[in-house]
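The values are calculated or read from the model by the stated rules, or taken from the named source; none is laboratory data. All figures in this text were calculated on a predicted structure; none of them were measured in a lab. Here the Cβ positions follow ideal geometry from the backbone for every residue, glycine too, while neighbour counts run over all protein chains shown. Calculation scope for accessible area: heavy atoms of the full protein, side chains included, ligands and nucleic acids excluded. Shrake-Rupley method; radii C 1.70, N 1.55, O 1.52, S 1.80 Å.
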Amino acid sequence: MYKFFDREKLKYCYQCGRCSSGCDINRIDRSFQPHRLLHLIGMGAFDKVLKSDSLWKCTTCFTCSERCPQGIRVTEILWIARTIAVKAGRIPELLVTQKDILLRTGRLIPMDNKKREKAGLAAIQEESSVVAEIFEIMEGEK
Amino acid sequence: MQYAFYIGCAAPVKALKYEISTRNLAKSLGIELVDIPEFSCCGFPVKSMDSFAALLMAARNLAIAEEKGMDIIGICTGCMAILSEAKEYLEDDNLRNRVNEKLKALGVKEYAGKVKVKHFARFLYEDYRLDRIKGKVAASLAPLKFGIHYGCHYMKPTHAHGCFDDPSTPSTIDDLINITGAKTINYPNKSLCCGLTIMGTAEDLSFKLAAEKLECLSSRGVDAMVLACPSCCIAYENNQRLIGKRVGKEFNLPVFYFTQVIGLAMGLSEEDLGFEFNRVKADRIREKLRY
Ligand code: SF4
Ligand code: SF4
């Protein structure tokens, strides 16, 4: 598996908290603290990160990434940490449903060609196996 | 010039007014949006499940457009961010080679890194250019006042999009709307996220975020919120009543796509702009424009 983020880079995080102080989710839910999550990830304490629900509270708005004085791609790291959580079996119910739809139809939101026809829009292919094929190719990748 | 139209999976089901108005606006501006049936999901929803699979999915779409020799124009900010990020990742030769190997297995030609990716609003701003649209404005929307919601992924992450707009004080869509004669306001929550991405995993937080902007714009007396992403529209329009109930308020804020507003100024009909699909009706706008 390609390493999307390098833990080495997290050494440059000096825990200033600027990511958290600009985060709107942190503002309305103080328990959500991106700088804490980054600290834990940097230390390799993944289990602690995975145990909390925090990863699924991030909206992926990228505000923290834009604010980090060290140029750390905070959002990307939190986003990819989800992949690690999912592979460790911590998959939220919503994702189970979404994955099922994606594998079956190749799209997140099932097509509704009747509705399109009524609106005078051309039909769009309802099912594609592309997502299933891609997941198949990914099987066996580490 | 022909462009590969990346419609995404939300717009053609959940945002018919966006699709209709985009197609008709493009047509009257002489921009040829070509539908590409081979395009798949951009990879956004897969990124939380398997980052590499998501990258592969994005790369496949980029490669398909590249093979057809067309740059990509899209209308979903999420799709545009994922495709732009993938472009940036694939500047790395090693990674691109690995991805290209897998693309072969998917029966897609290898990706060289040439295709450009732009949101339709950005394309109008940067490539088509404002003065050309201005020349086509048939009816000034001067009596109207809008609050623009950009959507986080419209310009962020800036390293992937190339810093074309400022994330804390964005202005490109304001500028586009201003050429219709309509005013746009600056408001404190302008760069706030719609929260839709966490609706399924942290609904309470998601709705609180959306409520903040709905409250702010309602209190400022704008005629409508104007936005550029089907997901944001689900948060602010489809869920408006539900969110209002949750926070004990009754919202009545019309929500329009930027394509509908520009089209209106260019004299396109309500039918051509999908107005019938606007949930909070455009009566106030009609009254002010007296048509
Ligand atoms: S803003 Fe950057 S340096 Fe500061 S705590 Fe967050 S990740 Fe670390
Ligand atoms: S991307 Fe996530 S952590 Fe960063 S500011 Fe947005 S919600 Fe907060």
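Tell me whether the stretch B:138-289 comes out rounded, prolate or oblate; compute the Cα gyration tensor, take square roots of the eigenvalues as a ≥ b ≥ c, and use a/c under 1.5 as the rounded threshold. Oblate.
For the stretch B:36-71, accessible area lost to neighbouring protein chains reaches 40 Å² or more, against the chain alone with a 1.4 Å probe, at B:Pro45, B:Lys47, B:Ser48, B:Met49, B:Asp50, B:Ser51, B:Phe52, B:Met57.
When a 1.4 Å probe is rolled over the protein heavy atoms, the share of accessible surface on the stretch B:121-187 that falls to carbon and sulfur comes to 49 percent.
For chain A, what is the charge dipole size about the Cα centre, in debye to the nearest 20, if Lys and Arg each add +1 at the Cβ and Asp and Glu each add -1 at the Cβ? List each step's numbers first, then the result.
Working: 24 positive and 18 negative charges, 123 e Å.
Using only the charged Cβ atoms, the result is roughly 600 debye.
Annotation for the stretch A:22-36 versus the stretch B:184-240: alpha-carbon center distance of 19 Å. Given axes a ≥ b ≥ c from the Cα gyration tensor, I'd like to know whether the stretch A:5-95 is rounded (a/c under 1.5), prolate (a/b larger than b/c) or oblate. It comes out oblate by the Cα gyration axes. Only Lys, Arg, Asp and Glu carry charge here, each on its Cβ (+1 for the first two, -1 for the last two); on that basis the stretch A:93-140 has a dipole of about 380 debye about its Cα centre.
Peptide A:22-34 has a mean shielding of 3, counted as Cβ atoms of other protein chains within 10 Å of each residue's Cβ. Dividing the summed -39500 (n - 2.57) terms of all DSSP H runs of n ≥ 4 by the residue count of the protein assembly as shown sets its mean residue ellipticity at 222 nm at -13000 deg cm²/dmol.
Which of the pairs A:Lys118/B:Lys183; B:Lys116/B:Lys190; B:Lys136/B:Lys156; B:Lys134/B:Lys249 have their Cα atoms more than 32 Å apart in this structure? Check vs 32 Å cut-off fails for A:Lys118/B:Lys183; B:Lys134/B:Lys249.
Calculated accessible area for the stretch A:93-140 comes out at 63 Å² per residue, all protein chains present (probe 1.4 Å; ligands, DNA, RNA ignored).
For the residue pairs A:Lys115/B:Lys68; A:Lys9/A:Lys99; A:Lys51/A:Lys87; A:Lys48/A:Lys87; A:Lys114/B:Lys14; B:Lys14/B:Lys281, the C-alpha atoms sit more than 20 angstrom apart in A:Lys115/B:Lys68; A:Lys9/A:Lys99. The aspartates and glutamates within cross-link reach of B:Lys47, meaning a Cα-to-Cα straight distance under 17 Å and a gap of 8 or more places when in the same chain, are A:Glu76, A:Glu93, A:Asp100, A:Glu133, A:Glu136, A:Glu139, A:Glu141, B:Glu85, B:Glu88.
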